[in-house]
Amino acid sequence: MTQNKTLVVIPARLASMRLPDKPLAMIGPDPMIVHVWQRAVEADVGPVIVACGDQAIADVIEKAGGNAVMTDPDLPSGSDRVWAAAQQFDPDGEYNCIVNVQGDLPTFEPRLVKAAVAALHEGQADIGALVAEITDPAETDDPNVVKVAIHFPEGQTVAPALYFSRNRIPSGDGPAFHHIGIYAYTRDALKRFVALPPASLEIRERLEQLRALANGMRIAAGLVDTIPFGVDTPADLERARRILAP
């Protein structure tokens, strides 16, 4: 296996409770999933594939010149879709770092992909993640904003993630951190992760990453200065359209 070869996978499916057919929602001349794919390509860390749960998503990615991999639409999570697509695209295990970029982040900055990979390697972890300090007080109590309990020693920008929650954590005075939905896994860690049963804390908080922590896997988070927003509602979609308008 070649050291530190990275594959970027964007999982996408049409089933969405709050915004049906979300990946195909138009933002300017292109569907949202194409915007995400373009930004992942701009990160320039390795090949980018879209793990598609539906043929319509594959069609728009291939029309844009991208690489689409069809996956079982009944897979239970985006992580399962990422692993299934990685196995199809790279059956020999050439790529030992697999980055999961959520398909609903059309405004994310490409540099964040490199930051997640750097956190994985610098933190000598199983999973690399990203956080940014919360500056809007309303986010602290917003259950749609995932918070991270983490301590950055002075002068350091990568540290172990201790816990994730939709509630305000930690208590007391001091900074709070917003989790960003871009993950870098070692290949072995992703293989192990998707084989694990859901953990009780994962089910309670509705946060997949708690399965990793509950099973002793290490998540290293890198501190960044930007928070890309996810598109979950019609209002979010309109905001993305305004941001990306020519």
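Just so it is clear, none of the values below were taken in a lab; they were calculated from the coordinates. Since this is a predicted model, take the numbers as computed values, not measurements. FYI the Cβ positions are ideal-geometry reconstructions off the backbone, even for glycines, and counts take in every protein chain you see.
Determine the dipole magnitude for region 1-81: charges of +1 sit on the beta-carbon of Lys and Arg, -1 on that of Asp and Glu, nothing else is charged, the reference point is the Cα centre, and the result goes in debye to the nearest 20.
Using only the charged Cβ atoms, the result is roughly 180 debye.
Rg and Dmax over the alpha-carbon atoms of region 100-246 stand at 15.2, 46 Å. Rounded to the nearest 5, the antiparallel percentage of DSSP beta bridges internal to region 6-240 is 55%. Backbone geometry of region 202-216 corresponds, through the Karplus equation with coefficients 6.51, -1.76 and 1.60 at θ = phi - 60°, to 3J(HN,Hα) couplings of 4, 5, 5, 8, 6, 9, 4, 5, 5, 5, 5, 5, 5, 9, x Hz, x marking Gly and Pro.
Placing +1 on the Cβ of every Lys and Arg and -1 on the Cβ of every Asp and Glu, with no other charges, gives region 8-50 a dipole of roughly 240 debye about its Cα centre. For region 6-240, the residue among I180, A149, T226 whose Cα projects farthest onto the positive side of the dipole built from Cβ charges is A149. The convex hull defined by the C-alpha atoms of region 44-176 has an orientation-averaged projected area of 10.1 nm². Annotation: amide H of Y185 within the under-5 Å range of I98, V99, N100, G128, sequence separation 5 or more or interchain, hydrogens built in the peptide plane. Ordering V131, A212, V60 by Cα displacement along the dipole of the chain toward the positive end leaves A212 in first place; charges were set at the Cβ atoms of Lys, Arg (+1) and Asp, Glu (-1).
With a cut-off of 8 Å between alpha carbons and a minimum separation of six or more residues, what is the relative contact order of the chain in percent? Provide the component values of the computation, followed by the final result.
Working: 524 pairs, mean separation 55.9, N = 246.
Taking the mean separation of contacting Cα pairs over the length of the chain, I get 23 percent.
Taking Cβ atoms as reference points and 12 Å as the exclusive limit, the residues near H179 contribute a net charge of -2, counting Lys and Arg as +1 and Asp and Glu as -1.
For C97, C52, which order do you get if you count the other beta carbons within 10 Å of each Cβ and list the fewest first? Walk me through the numbers on the way to the answer.
On the way: C97 23, C52 28.
Ranking C97, C52 by Cβ neighbours within 10 Å, fewest first, gives C97, C52.
Tally Lys/Arg at +1 and Asp/Glu at -1 over every other residue whose Cβ is under 9 Å from the Cβ of V231; what's the total?
Values: positive: K22, R239; negative: D104, D232, D236.
Once all neighbours under 9 Å are counted, the net charge is -1.
Using Cβ counts within 10 Å as a stand-in for footprinting exposure, how do I10, I27, I182 rank, fewest first? Write down the numbers at each step before the final one.
On the way: I10 30, I27 21, I182 26.
Listed from fewest to most nearby Cβ atoms, that is I27, I182, I10.
Could you identify which residue out of A184, A84, A221 has the top mean-square fluctuation in a GNM of the chain using Cα springs shorter than 10 Å? Checking each option, the largest mean-square fluctuation is seen for A84.
Dipole magnitude of the chain about its Cα centre, charges +1 at Lys/Arg Cβ and -1 at Asp/Glu Cβ only, in debye to the nearest 20?
With Lys and Arg at +1 and Asp and Glu at -1, about 200 debye.
Here the scattering of region 100-170 is modelled by Debye summation over its C-alpha atoms, one equal scatterer each and no solvent; at q = 0.12, 0.20, 0.23, 0.24 Å⁻¹ the log10 of I(q)/I(0) is -0.36, -1.02, -1.25, -1.29.
Volume per residue of the convex hull around the Cα atoms, evaluated for the chain, comes out as 128 Å³.
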